[in-house]
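Inspection log for the structure reproduced underneath, given as structure tokens.
The values are calculated or read from the model by the stated rules, or taken from the named source; none is laboratory data. Keep in mind the model is a prediction, meaning the values are calculated, not measured. Backbone-built Cβ (ideal geometry, glycine too); neighbour counts: all protein chains shown. All accessible areas refer to the heavy atoms of the entire protein, side chains included, with ligands and DNA or RNA removed. Shrake-Rupley method; radii C 1.70, N 1.55, O 1.52, S 1.80 Å.
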Amino acid sequence: MPRHAETRHLPYTPVQMFDMVADVARYDEFLPWVIGVRVRSQSETALVADLVVGFKMLRETFTSRVTLERPRHVHVDYLEGPLKHLFNDWVFEEAPDGGTLVHFEVDFEFRSRMFEALAGAVFAEALKKMIGAFESRAQQLYGAGISSSSAQRTA
């Protein structure tokens with residue numbers, strides 16, 4: 001079952017990072033393999049959304065509940081789809097030298113052993129693409145950021 005955690009220092013405010021990650025309705029504009037999004041319900045503190053993910057001939061819909069604690073934390077709980085479980089956490093911490101420490105964690109497991117084997121084989125590369133897409137989106141939305149430091153992996 002793939003699991004990953006890391007921290008990145010990015011030159012944006014915690015509010016900017018929170019707003020970008022919490023804007024699930026726009027994920028299909030920049031995340032690889034996300035070909036559709038439907039927000040079923042939304043409030044200031046939570047939303048339920050379907051993400052349609054496609055790769056070649058495969059298409060799956062994932063439904064998740066996203067809990068929003070502005071501007072510090074976004075938590076994702078899996079509700080239905082092809083997985084046994086999934087959780088995802090984003091924590092945004094103001095960095096002492098400016099910018100934000102973005103703490104990211106994801107843990108999931110497919111119901112199918114075949115999908116699990118496929119995911120394990122490409123997990124690191126897919127995760128790298130997804131994280132890169134969020135970083136590119138932040139730069140597209142907010143420019144160079146509040147400091148001249150570039151994105152750095154700290155864990």
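A few remarks follow.
- Accessible area of the chain belonging to carbon and sulfur atoms, whole % at 1.4 Å probe: 54 percent
- Cβ-defined net charge surrounding GLN42, 12 Å radius [Lys, Arg +1; Asp, Glu -1]: +1
- Ranked from largest to smallest solvent-accessible area, with a 1.4 Å probe on the protein heavy atoms, SER112, SER64 come out as SER112, SER64.
- Stretch in the chain that is longest and holds no trypsin sites (Lys or Arg not before Pro) that DSSP places in a loop and that have at most 15 other beta carbons within 10 Å: 1-55
- Phi angles of region 132-142 translate, via the Karplus equation with coefficients 6.51, -1.76, 1.60 and θ = phi - 60°, into HN-Hα couplings of x, 5, 5, 5, 5, 5, 4, 5, 4, 6, 10 Hz per residue; Gly and Pro are given as x.
- Solvent exposure of region 1-154 amounts to 56 Å² per residue of accessible area, where only protein heavy atoms count and the probe is 1.4 Å.
- Ranking ASP28, ASP97, ASP50 from most to least accessible surface, computed with a 1.4 Å probe over the protein chains only, gives ASP97, ASP28, ASP50.
- The Cα atoms of region 76-115 give a gyration tensor whose axes a ≥ b ≥ c have a/c of 1.5 or more with a/b greater than b/c, which makes the shape prolate.
- Surface accessible to a 1.4 Å probe, VAL106 within the full protein complex, Å²: 10 Å²
- Here is the size of region 1-140 from its Cα atoms: Rg then Dmax, 14.8, 46 Å.
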